[in-house]
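Below is one structure, written out as structure tokens, with a few remarks after it.
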Amino acid sequence: MAMHDLQKISAAQEKYMKARKKDRYLIQAARLLIFLAFLFLWEISARLSWIDSFIFSSPSRVIRTIVDMTLHQDLLLHIGTTLYETLISFFLVTILSVAVAVLLWISSRLSFILEPYLVVLNSLPKSALAPLLIVWLGAKPTTIIVAGMSVALFGAVINLYTGFQEADEEKLKLIYTFGGTKKDALFKVVLPSSVPLLLGVMKVNIGLCLVGIIIGEFISSKQGLGHLIIYGSQVLRQRYIRSGWNAEVEWQSCCSAFSFPLLTSVSKCFIL
Amino acid sequence: MEKPLLELKNVGLSYHTPQGETAAVSHISFQVPKGGFVALVGPSGCGKSTILNLICGLLKPEEGQILMNGTSLPEKPSNIGYMLQKDHLFEWRTVYSNILLGLETQKRVTAEKKAYIDKLMVTYGLDAFKQARPSQLSGGMRQRAALIRTLALEPDLLLLDEPFSALDYQTRLNVSDDIGRIIKQEKKTAILVTHDISEAISMADTVIVLTRRPATIKNIIDIDLEMPDRTPLASRNAPLFKTYFNQIWGELNGHA
């Protein structure tokens, strides 16, 4: 009887697991389908001249360009450079933001003193800062890494510090009833309970660092995706002139606007 | 007469905020003998927990003195165990490493201590859950784990700050019976803060009734249920239980 019951349950469980699996496949298939449909529509509308393929390009052209650039313009080197700079600045931002947030948590007086400065630094337009950084630090890869850090650092510090402060008062009290010090509270309560927060902040930071790196490369670099984008838009401008187009400037900005998110998501795929 | 383990002499404390000064406790004097079990009852928010915070050194009294074994408290007394309202087991640690937390903080993890913890875990039915996460334990088991975490420090004095208030009623009765027995068995001295009169009578030898804020001592009542080796649950059936209940109820409501 019990055996029978057991089998009955496992049959139901099996059904449940099957349904779950099916659901997962459906989700993944739908995701892929949306992507393919988008590519298909893009390609078709370019071929049938619903859109001007010279301006909007087409998937086949993009693939050809990627292959071409990989072969003749070291696309992988550019991607590698941007990736490398992004990872370095991401790593430094993570270390530095945790260190500063810990300092602020240790001394509430220090955090009171520095709070307005942090808010101001965070709201500073970083893209405006990049040219200044290059003037101050010179046109070096270091400068680009600093530019990448500048975008993510202050927000990360503010987020982490706010999270650290939200550590459960009672749990801290528990440590103090054991005769623990502030250091014990930090390592046994505050940091372990902030791990999910830290992961969240890191996810945001990797994207922000990439934005900062591209901005830095726009302004001064010999290689990297930002360099490619600027280079590409300038070449495009010359073509426009040759084709007798006048509204160069508009199209240039249009092109950057299109290629930027594309390149961002491409390099994001590599990172994550 | 034997020297009391703990003695409070005319202790007073106020809280200071930018809005002003609030007297939390004043003129508190009582003694706890070794092996005794004292319950503090009073209206909610009267400053009961403040008294425990003073005893364990988290707060410093502004007036009066707190003596332990006849000498004043050190900066960080390590021989006092404190159980908070919730168990506060850390989800990022296993049950076993949660129990080690206090010893770890005081840097006193030794082989003997570990053996002692193992013994306690076996005695109180937690040995199968050493590597479990706290969320896998029932409310009662969690509270027992928290008690073992406190007992692992081998404290001379246990402070219990409404340690059962987060539990549902049935679990609460069982756990308080459990913990009351464990404390008797391990021959610990304890101070329990509660707003539950029945709980105070069933567990303590002495009940101290406090007034509204600022807390002062209204009355000290010795509980004698004429029942040798009573357990907290059995105490509730004692004929004298109701008498004490009514007396304390009267004291709390100001018509005794």
Residues satisfying the stated conditions in the range A:48-75, i.e. over 15 Å from A:ILE229 (Cβ atoms) and polar (S, T, N, Q): A:SER49, A:SER53, A:SER58, A:SER60, A:THR70
Counting only residues that are farther than 21 Å from B:ALA190 by Cα, within 11 Å of another protein chain (Cβ to nearest Cβ) and either assigned to a loop (DSSP other than H, G, I, E, B) or in contact (Cβ under 8 Å) with a residue 24 or more places away in the chain (or both), the range B:59-99 contains a total of 6
Select from the range A:176-210 the residues that are within 14 Å of another protein chain (Cβ to nearest Cβ), part of a helix (DSSP H, G or I) and among the hydrophobic types (A, V, I, L, M, F, W, C) and list them in ascending order. A:ALA185, A:LEU186, A:PHE187, A:VAL189, A:VAL190, A:LEU191, A:VAL195, A:LEU197, A:LEU198, A:LEU199
Anything in the range B:46-105 that is more than 16 Å from the chain's Cα centre (by Cα) and of a type in the set (Lys, Arg)? List them, or say none. B:LYS60, B:LYS76, B:ARG93
Could you go through the range B:106-120 and let me know if any residue there is under 21 Å from the mean Cα position of the chain (by Cα), surrounded by 14 or more Cβ atoms within 10 Å (Cβ to Cβ) and within 14 Å of another protein chain (Cβ to nearest Cβ). yes
Pairing a residue in the range A:189-201 that is in the same structural domain as A:TRP105 (by TED's automatic domain parsing) with any residue that is hydrophobic (A, V, I, L, M, F, W, C) and assigned to a loop (DSSP other than H, G, I, E, B), where Cβ atoms lie under 6 Å and the two sit 6 or more apart in sequence or on different chains, gives A:VAL189/A:ALA167; A:VAL190/A:ALA167; A:PRO192/B:TRP92; A:SER193/A:ALA167
Which condition breaks for A:TRP50 when tested against (1) among the hydrophobic types (A, V, I, L, M, F, W, C); (2) surrounded by fewer than 14 Cβ atoms within 10 Å (Cβ to Cβ); (3) in a helix (DSSP H, G or I)? (3)
Please determine, by comparing only the residues of the range A:142-175 that are surrounded by fewer than 18 Cβ atoms within 10 Å (Cβ to Cβ) and away from chain B (no Cβ under 14 Å), which one is modelled with the lowest pLDDT. A:THR142
Residue selected from the range B:161-174 under the condition crowded, with 22+ Cβ neighbours inside 10 Å and not acidic (Asp, Glu), by the criterion nearest to the chain's Cα centre (by Cα): B:PRO163
Could you check B:LEU137 against (1) at negative phi; (2) free of Cβ contacts under 8 Å to residues at least 12 places away in the same chain and say which number it fails? (2)
Every residue in the range A:138-175 that is free of Cβ contacts under 8 Å to residues at least 24 places away in the same chain and in a loop (DSSP other than H, G, I, E, B), please. A:GLY138, A:LYS140, A:GLU166
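Which fully enclosed strands (runs of 3 or more DSSP E) of the range B:1-43 have 2 or more residues being touching a Phe, Trp or Tyr at 6+ places or on another chain (Cβ under 7 Å)? Walk me through how you get there before you give the answer.
Values: elements: B:6-17, B:20-32, B:37-41.
In the range B:1-43, the matching strands (runs of 3 or more DSSP E) lie at B:20-32.
The values are calculated or read from the model by the stated rules, or taken from the named source; none is laboratory data. Because the structure is predicted, anything quoted here is derived from the model rather than measured. When we count neighbours, we look across all protein chains shown, and the Cβ atoms used for this are built from the backbone with ideal geometry, even at glycine.
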